[in-house]
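Working notes, structure below.
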Amino acid sequence: MFASFNFNKLLKFLGIIIFTFLLTAFLPSFSEGSAISQLSPLPIATIFAIVVAFYINDALSRIKGIDHSIAAELSRTRRVFHISKGFVGNKTVELWAKELREKDLAYMQSFSVHDLSEYDDTNKEFRELTYHIYQIDPKILKTPKEIELYRDLLETTREWALLRQNIQELKRQSISVYSWVILLSISAILIFSVLLLRSEEVFATKLVSGLTVIGVIFLLDLLGEINFISKYEKASIARRYLFNLDKLKMDLPEIESGELTKVEEKKQEKEEGIKKQKVK
């Protein structure tokens with residue numbers, strides 16, 4: 001996660017550097033006659049480093065938790081799909097299993113319109129799937145294999161529900177407004193302290209001040225990127241569900257074409273056109 005680096009991020013990256021060096025070039029107004037500063041920003045810089053490191057580590061742990069839970073959830077979607085294909089020989093159960101596979105695919109398809117920020121909006125599709133599993137009458141399961149498969153299906157569904165709950169909880173966790181106020185206050189104090197630096201080497205002082213302020217802003221930007229999860233990363237997470245969906249659909253010839261996405265329909269039409277040309 002967070003591997004993407006688009007043009008907007010590049011502009012923001014360059015903007016921070018340019019703005020900061022312009023800021024340190026004029027604030028404060030360095031001159032040869034300025035008194036050399038005896039104050040050191042090191043104490044507040046140490047506090048800032050400790051606080052930011054704590055929040056970044058906490059935010060990364062949260063993101064890793066979401067990533068791990070999503071990977072585990074996707075494995076449950078595949079497991080439910082493959083377990084359902086084991087119900088053969090009983091027409092009633094086969095029909096029920098086919099409908100279960102369709103609901104499994106419909107759940108993953110829902111991420112074509114919902115990203116991570118709208119994860120709760122996929123509850124409807126998930127409930128339809130779980131209700132379909134629970135509504136079957138155990139009496140129609142005749143063979144030991146069917147009974148064992150259904151037991152495995154119930155266990156997998158229970159694990160799946162717990163994973164979804166964990167994702168929803170982790171998604172809601174973020175740095176509080178009060179914590180941001182404290183963090184930004186410490187950052188402002190550090191930047192102000194750095195901008196008050198004076199030395200006989202004016203250029204060197206400006207350079208050190210500028211690099212320090214850039215470092216502070218970059219760390220705050222990184223923390224915000226991880227804490228809030230950008231829309232690009234949210235969309236990337238949704239694509240994982242759709243990629244998982246495509247892999248399962250390749251093994252599902254009985255699904256009607258009307259249930260496929262428009263993109264897939266166009267692919268099918270193109271393949272059929274190629275076949276017709278070969279026949280001619």
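The values are calculated or read from the model by the stated rules, or taken from the named source; none is laboratory data. Computed from a prediction, not measured in an experiment: that's the story for all the values here. Every residue, glycine as well, gets a Cβ built from its backbone with ideal geometry; the counts of neighbours run over all protein chains shown.
Below are the figures for this structure:
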read-out	value
Selected residue [in contact (Cβ under 8 Å) with a residue 60 or more places away in the chain and of a type outside the set (A, V, I, L, M)] from GLU159, GLU128, GLU148, GLU155	GLU159
Yes/no for TYR178 being closer than 30 Å to THR92 by Cβ, in a helix (DSSP H, G or I) and aromatic (Phe, Trp, Tyr)	no
Tally of residues being at pLDDT 80 or above and not hydrophobic (A, V, I, L, M, F, W, C) across region 166-209	13
Candidate set from region 47-59 (those that are of a type in the set (A, V, I, L, M, F, W, C) and surrounded by fewer than 14 Cβ atoms within 10 Å (Cβ to Cβ)); member that is farthest from the chain's Cα centre (by Cα)	ILE47
Complete set of residues in region 162-173 that are in contact with a helix residue (DSSP H, G or I) (Cβ under 7 Å, 6 or more places away or on another chain) and assigned to a helix (DSSP H, G or I)	LEU163, ARG164, ASN166, ILE167, GLN168, LEU170, LYS171
Counted residues, region 172-196 - those being within 26 Å of the chain's Cα centre (by Cα), without any contact (Cβ under 8 Å) to a residue 40 or more places away in the chain and surrounded by 12 or more Cβ atoms within 10 Å (Cβ to Cβ)	1
Filter pass, ARG76 being surrounded by 15 or more Cβ atoms within 10 Å (Cβ to Cβ), modelled with pLDDT of 90 or more, touching a Phe, Trp or Tyr at 6+ places or on another chain (Cβ under 6 Å) and under 23 Å from ARG164 (Cβ atoms)	yes
Complete set of residues in region 137-161 that are of a type in the set (A, V, I, L, M, F, W, C) and either outside any helix (DSSP H, G or I) or within 28 Å of the chain's Cα centre (by Cα) (or both)	LEU141, LEU153, LEU154, TRP160, ALA161
Selection count where residues are crowded, with 16+ Cβ neighbours inside 10 Å and either outside any helix (DSSP H, G or I) or within 19 Å of the chain's Cα centre (by Cα) (or both), scope region 127-136	1
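Listed here are the residues, each with its yes/no results for (1) assigned to a helix (DSSP H, G or I); (2) surrounded by 15 or more Cβ atoms within 10 Å (Cβ to Cβ); (3) touching a helix residue (DSSP H, G or I) at 6+ places or on another chain (Cβ under 7 Å).
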{"residue": "ILE66", "(1), (2), (3)": "yes, yes, yes"}
{"residue": "ALA71", "(1), (2), (3)": "yes, no, no"}
{"residue": "VAL80", "(1), (2), (3)": "yes, yes, yes"}
{"residue": "PHE87", "(1), (2), (3)": "no, yes, yes"}
{"residue": "LYS98", "(1), (2), (3)": "yes, yes, no"}
{"residue": "ARG101", "(1), (2), (3)": "yes, yes, yes"}
{"residue": "LEU105", "(1), (2), (3)": "yes, yes, yes"}
{"residue": "MET108", "(1), (2), (3)": "yes, yes, yes"}
{"residue": "THR122", "(1), (2), (3)": "yes, yes, yes"}
